[in-house]
Amino acid sequence: MSEHGERSTPGKGLVNGLAVTLKTMTRRSTTQQYPDVEPDLPPRSRGVIALLEENCTVCMLCARECPDWCIYIDSHKEEVVVPGAARPRQRNVLDRFDIDFSLCMYCGICIEVCPFDALYWSPEFEYSELDVLDLLHDKSRLGDWMPTVPPPPAHDVLGEPSKEEATAARKAAGPGAATPARTARPAARPAARPAPTGPTPDPAAGGPAASAAASETAAGGPATGSAAGNPAPETAAPETAAPEGRAPGGSVPEGGAPEAPETGK
């Protein structure tokens with residue numbers, strides 16, 4: 001019976017199943033012959049965690065941030081005598097660094113929080129064991145995975161430089177130099193001086209006056225009459241209308257001073 005209460009054809013389900021089987025039989029198989037053929041893994045595969053012991057400062061960040069508590073670290077302190085220092089300094093020495101991969105969930109938090117790049121992902125995954133206790137890798141075995149760590153991807157040329165690259169470029173360029181992070185503004189161009197509109201006199205044809213005028217024009221200003229050796233022409237004062245009863249030019253008419261106009265009482 002079907003879902004709607006209708007009677008189905010006998011053997012229909014068997015025919016549909018055999019149709020799927022015949023369809024897959026005609027396709028080409030894509031099964032890789034592992035372990036004879038190694039799989040082509042992506043570059044950021046999470047296989048096993050590698051340890052670079054020289055970079056570890058025993059800060060314990062990875063052990064504290066691990067959600068499974070599968071990282072075990074032990075260390076001791078040693079005194080280091082520094083020439084010229086008032087007292088010896090102390091540094092942490094790594095004694096034990098173990099990761100229990102039987103508890104690890106491969107989240108990668110320990111690698112992300114490490115401030116000194118002591119932990120790396122390796123794409124190697126062939127470390128299965130017959131005993132679960134053998135999945136506890138110590139620092140020597142974790143260090144053996146370092147040669148299998150792939151190189152980091154190339155930096156995007158169109159992206160911003162990393163903090164380390166910007167700091168190194170700033171130190172190499174010196175103080176006050178322009179860096180990719182701080183580009184200098186282009187200098188403003190000075191305003192162009194307008195060219196003189198009048199004709200330039202010929203020094204050979206005009207004598208000393210023309211020479212003086214040419215020198216003044218080359219200096220950027222127009223030549224005046226006093227600079228050329230000739231007195232400056234006087235400008236005529238504008239004529240004003242004479243008041244009623246007074247002759248033009250300021251003379252008093254015959255008969256004495258003009259009478260004052262009467263004012264209304």
Identify all lysines with a Cα-Cα distance to K163 below 19 Å; exclude those on the same chain that are fewer than 8 residues away in sequence.
K171
Identify all lysines with a Cα-Cα distance to K77 below 30 Å; exclude those on the same chain that are fewer than 8 residues away in sequence.
K139
Among V132, M146, F116, which residue has its Cα furthest toward the positive end of the charge dipole of segment 92-176, with +1 on Lys/Arg Cβ and -1 on Asp/Glu Cβ?
F116
With segment 52-181 reduced to its Cα atoms and the Debye formula applied, log10 I(q)/I(0) at q = 0.21 1/Å amounts to -1.23
About the Cα centre, charge dipole magnitude for segment 1-109 (Lys/Arg +1, Asp/Glu -1 at Cβ), debye:
520
How much accessible area per residue does segment 80-177 have, counting only protein heavy atoms and a probe of 1.4 Å, in square angstrom?
72
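The values are calculated or read from the model by the stated rules, or taken from the named source; none is laboratory data. Everything numeric in this text was worked out from a predicted model, so none of it was measured. Heads up, the Cβs are rebuilt from the backbone with ideal geometry, glycines too, and the neighbour counts pull from every protein chain shown. Ligands, DNA and RNA are stripped out before the accessible areas are found, and what is left, the full protein with its side chains, is counted by its heavy atoms. Shrake-Rupley method; radii C 1.70, N 1.55, O 1.52, S 1.80 Å.
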